[in-house]
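K.L.:
Take this structure first; my questions come after.
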Amino acid sequence: MRLTLAVAHGLLLSVAFSGAAPAEERVVMSYPLILPEPTHRIVAVDAAKREARIERAEGAMFSIPAEGQAVLVVPSKPGGPLDSLVRVSVAEILEGNVAVATFGPGATSAVQKGPAVLGRPFTGLIGERPADTATTKAIRSLPDLLVAKAKPTGKGLGSFNPIAKARAAARRTASSNHLKQLALGFQNFHDTYNALPPAAVIGPDGKPWHSWRVLLLPFLAEMELYKQYDFSQPWDSPKNLAFAEKMPTVFRDPAREGPLDTLTDYAAITGKAAIFQPDVVTMKSADDFPACLTAGKKIGLTSITDGTSRTILFATLDPDREIPWTKPEDIVLDDAFPGIGKPAGIGAIHPLGNGRVGLFAFADGSAHIIADTVDTETLRPFLTRAGGELVDRSDLEGPGAGPADPDRPPLVKVIAADDGTLRLEVD
């Protein structure tokens, strides 16, 4: 198969690849691991014949290459990263997108049943030159097997496992989409009531009864669920605790694995200086809802004098905070606010690069990431609605953070030294 940039939907042209080899070395071949899952799978191996049957994974972008020389990228250990390159010859194409490929004696131990990527590598380093498919002669010059070694950082190959990296990026994207939905619900609430939603509705007994999460349900396409909640009772009444078992997935961060439960992964920034006010809506009696939402003093978007593009609404919650989604409890902005990556602050639950990041939504509806290296004093001005500070979103960009995900597809690179020896890198 001759892979082309068109097949990859223009991705390879649009991404700037970095990490060129030192001057005394050169990248002679490279191959992008456009995942989130390996594109192929080894389904059978005959070690005596040195023959493997390889099928395309369901939903994979790339098909089985044509008969001839190719490379097979596999993990050196079961469940490990794709860190080994095997030179193979596709001898036969069977029905059902199955290839029969042969390999050399030096690769017998590496070719095992499991995930793999099969294709024709490109000449040189992708991104520095046109993506020409490597010639048959060049592929034949490869050894039977090349295995990438751990980098001198000491983090090992697991730190750039391309499958885990792609999955993490997909989870960040999904989490950002959840935050955007919440921000849109916030804006639609304001359009309906001409007021910002409160952090909590205070009950007639003076205690917090209802969370903003429940208030936003009609604006999150959850009107039928909203009708099942009893606003004449507090959130922790037996009836409303049973209701909590029906948590919408928008309140669950994809970074937290396991079955859906009742715990929210997103919180509002609440406090006197924040957008979400703690005590602006109070029920006079048990049947005072929804009249209480339009009674008394209302706070509108005009109160966000710092600007909606510079004021944070919602953020990821630290996993140590186990808050039922219907409970009126959130991240409190006060003198004790600890910043990001601390239990009482914004949760940094998503891995990125060598660190972790939190996700948050601005009042203008945009979602961003923030590194756990950003200090509290830098973060605080973005949490107040009328602090008057002169700040810019770029102030929040620590290592690996910003409005766009800097990840690029991982590359398998065959690197030649001046003496002709070859080695493999995966990054």
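The values are calculated or read from the model by the stated rules, or taken from the named source; none is laboratory data. Small disclaimer: the values here were computed from a predicted structure and weren't measured. With ideal geometry, Cβ positions are generated from the backbone for all residues, glycine too; neighbour counts draw on all protein chains shown.
K.L.:
Tell me which residues, restricted to the stretch 254-291, are modelled with pLDDT of 95 or more and within 19 Å of the chain's Cα centre (by Cα).
P.N.:
Answer for the stretch 254-291, where residues must be modelled with pLDDT of 95 or more and within 19 Å of the chain's Cα centre (by Cα): Thr264, Asp265, Tyr266, Ala267.
K.L.:
Of the residues Asn161, Asn188, which is among the polar types (S, T, N, Q), touching a Phe, Trp or Tyr at 6+ places or on another chain (Cβ under 8 Å) and either on the phi < 0 side of the Ramachandran plot or at pLDDT 95 or above (or both)?
P.N.:
The unique qualifying residue is Asn188.
K.L.:
Which one of Ala242, Ala195, Ala273, Ala286 is of a type in the set (A, V, I, L, M, F, W, C), assigned by TED's automatic domain parsing to the domain that holds Leu359 and assigned to a helix (DSSP H, G or I)?
P.N.:
Of Ala242, Ala195, Ala273, Ala286, the one residue that is of a type in the set (A, V, I, L, M, F, W, C), assigned by TED's automatic domain parsing to the domain that holds Leu359 and assigned to a helix (DSSP H, G or I) is Ala242.
K.L.:
Any chance the stretch 209-218 includes a residue that's more than 23 Å from His178 (Cα to Cα) and touching an Asp or Glu at 6+ places or on another chain (Cβ under 7 Å)?
P.N.:
no
K.L.:
Pull out all pairs, ordered by first then second residue, where Cβ-Cβ is under 7 Å, the residues are six or more apart or on different chains, the first lies in the stretch 208-220 and is outside the structural domain of Thr270 (by TED's automatic domain parsing), and the second is surrounded by fewer than 21 Cβ atoms within 10 Å (Cβ to Cβ) and polar (S, T, N, Q).
P.N.:
none
For (1) surrounded by 15 or more Cβ atoms within 10 Å (Cβ to Cβ); (2) aliphatic (A, V, I, L, M), each residue gets a yes or a no:
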{"residue": "Ala274", "(1), (2)": "yes, yes"}
{"residue": "Met283", "(1), (2)": "yes, yes"}
{"residue": "Gly300", "(1), (2)": "no, no"}
{"residue": "Asp320", "(1), (2)": "no, no"}
{"residue": "Trp325", "(1), (2)": "yes, no"}
{"residue": "Val332", "(1), (2)": "yes, yes"}
{"residue": "Pro343", "(1), (2)": "no, no"}
{"residue": "Gly347", "(1), (2)": "yes, no"}
{"residue": "Pro381", "(1), (2)": "yes, no"}
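K.L.:
Across the stretch 388-415, what is the number of residues that are surrounded by fewer than 16 Cβ atoms within 10 Å (Cβ to Cβ) and at pLDDT 85 or above?
P.N.:
1
K.L.:
Of everything in the stretch 175-197, what is touching a residue at least 60 places away in the same chain (Cβ under 8 Å) and surrounded by fewer than 15 Cβ atoms within 10 Å (Cβ to Cβ)? Give them in sequence order.
P.N.:
Asn177, Asn194, listed by residue number.
K.L.:
Return the total of residues in the stretch 339-375 being polar (S, T, N, Q) and in contact with a strand residue (DSSP E or B) (Cβ under 8 Å, 6 or more places away or on another chain).
P.N.:
1
K.L.:
Sticking with this one: So, of the residues in the stretch 240-254 that are out of contact with any helix residue (DSSP H, G or I) (no Cβ under 7 Å at 6 or more places or on another chain), surrounded by 13 or more Cβ atoms within 10 Å (Cβ to Cβ) and of a type outside the set (A, V, I, L, M), which turns out to be farthest from Pro204 (Cα to Cα)?
P.N.:
Arg252
K.L.:
How many residues are out of contact with any strand residue (DSSP E or B) (no Cβ under 6 Å at 6 or more places or on another chain), crowded, with 16+ Cβ neighbours inside 10 Å and charged (D, E, K, R) when one looks only at the stretch 255-267?
P.N.:
Qualifying residue count for the region: 1.
K.L.:
Hey, another quick one. If a residue has to be assigned to a loop (DSSP other than H, G, I, E, B), without any contact (Cβ under 8 Å) to a residue 40 or more places away in the chain and over 17 Å from Ile269 (Cβ atoms) to count, how many in the stretch 337-360 make the cut?
P.N.:
Looking only at that region, the number is 0.
K.L.:
To continue, here is another question. Can you work out which of the residues in the stretch 60-101 that are of a type in the set (Ser, Thr, Tyr) and closer than 24 Å to Ile415 by Cα is surrounded by the most Cβ atoms within 10 Å (Cβ to Cβ)?
P.N.:
Of everything passing the filter in the stretch 60-101, Ser84 is surrounded by the most Cβ atoms within 10 Å (Cβ to Cβ).
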